[in-house]
Structures are given as structure tokens and as C-alpha cells.
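Please treat every number below as a calculation from the coordinates, not as lab data. Quantities reported herein were computed from a predicted structural model and do not represent experimental measurements. So basically every Cβ, Gly included, is an ideal-geometry build from the backbone, and we count neighbours across all protein chains shown.
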Amino acid sequence: MKNFDIARLRLHNQRLSTTTFKNPGDVVGWFGAVQSQDYAGAKWALGQRIQNATDAAIDQLFNEGKILRTHVMRPTWHFVTPANIRWMLELTAPRVHAANTFMYRKLELDKAVFRRSNAALQRHYKVENS
């Protein structure tokens, strides 16, 4: 395979040469996750794959929760869709927690602290969404 063919296939597979995506959620859903440590750069990565994308439109979808930014795969940020967040967290949480064990111990974050903080978040979520 020639270098030109490799480049053409990469552009196609990364959906940079042609796209059918209508919105950022479509892009994130197709890729599964988009690395978003650099928020502006990540928005640009989404915008390159959507015709007529605007910075404000991507921000709006993010603010509405149509795309999420979380530490789903490792201690770095990724965009994921709400439809995929739960199974991804269930899949990756053991490895992320193992990697964070030292910091948990250093910051005195034990199971009791996580239980209390999770309960507080759930209470707040119920109040906000009632």
C-alpha cells in the first residue's frame, strides 16, 4: 500500500474527508469517545466532522448534556454520549480506581467518604430533577 492510499484511508476512517454527521453527539457516538483534555481542541475535532458546525452550537449541546465530558477511560477528559456513559464507567472504573488508589489514600478518601458523597450527589440530583 502506498503512502497516499494510507493517508486517504485514514482521512476517510476518521471521517475528515467526508461526513454524514449532523451534530456533535453523532460524532462522539460513532467514535465511542473523543479525547477532550484540551476542550477547545476537542470542540474543533468535533466541528471538523460536522458541516456548518459552530463553536456556540457545540457549547450549547455540551451545556444541555447531549455530550458529556468525563474521566471515563483514564484520568484524562473524554467526550462521551449519555447513552454510553454508564456501561463505559462500569467497564473502566476498576482500572481507574486502581490507578487512583495512592491518591485516595493520600487524600483520606475511603469507602465511607465515597458513600456519603454519592448519597449527597443523589439527593441533590433528585431535588434538581423534581
Q. How many times 2.2 N^0.38 Å is the alpha carbon radius of gyration of segment 3-128?
A. 1.29
Q) Residues with beta-carbon under 13 Å from that of Thr19, excluding Thr19: net charge, scoring Lys, Arg +1 and Asp, Glu -1? A) +2
**Q.** Within the chain: Cβ-based charge dipole about Cα centre, in debye rounded to nearest 20 (Lys, Arg +1; Asp, Glu -1)
**A.** 360 debye
Q. Which order, highest average first, do 96-109, 27-40 follow once you tally other Cβ atoms within 10 Å for each residue and take the mean per peptide?
A. 27-40, 96-109
Q: Could you line up Leu9, Leu68, Leu89 from fewest to most neighbouring Cβ atoms inside 10 Å?
A: Leu9, Leu89, Leu68
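What ranking do Phe79, Phe114, Phe21, Phe62 get, fewest neighbouring Cβ atoms within 10 angstrom at the top?
Placing the least packed residue first, the sequence is Phe114, Phe21, Phe62, Phe79.
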Q: With springs only between Cα atoms under 10 Å apart, run a GNM on the chain and tell me which of Asn23, Asn13, Asn118 wobbles the most.
A: Asn118
**Q.** When segment 47-118 is reduced to its Cα atoms, the Kirkwood hydrodynamic radius in Å
**A.** 14.4 Å
Q. Roughly what angle does helix 82-106 make with the longest principal axis of the chain, taking Cα atoms, 0 to 90 degrees, to the nearest 10?
A. 50 degrees
Q | Surrounding net charge for Ser117, when Lys and Arg each add one and Asp and Glu each subtract one, Cβ distance under 12 Å | A | +3
Q) By the scheme Lys and Arg +1, Asp and Glu -1, what is the net charge of all other residues having a beta-carbon under 12 Å from that of Thr92? A) +2
(Q) Which one, Thr76, Asn52, Asn23, is farthest towards the positive end of the dipole of the chain when Lys and Arg carry +1 and Asp and Glu -1 on their Cβ? (A) Thr76
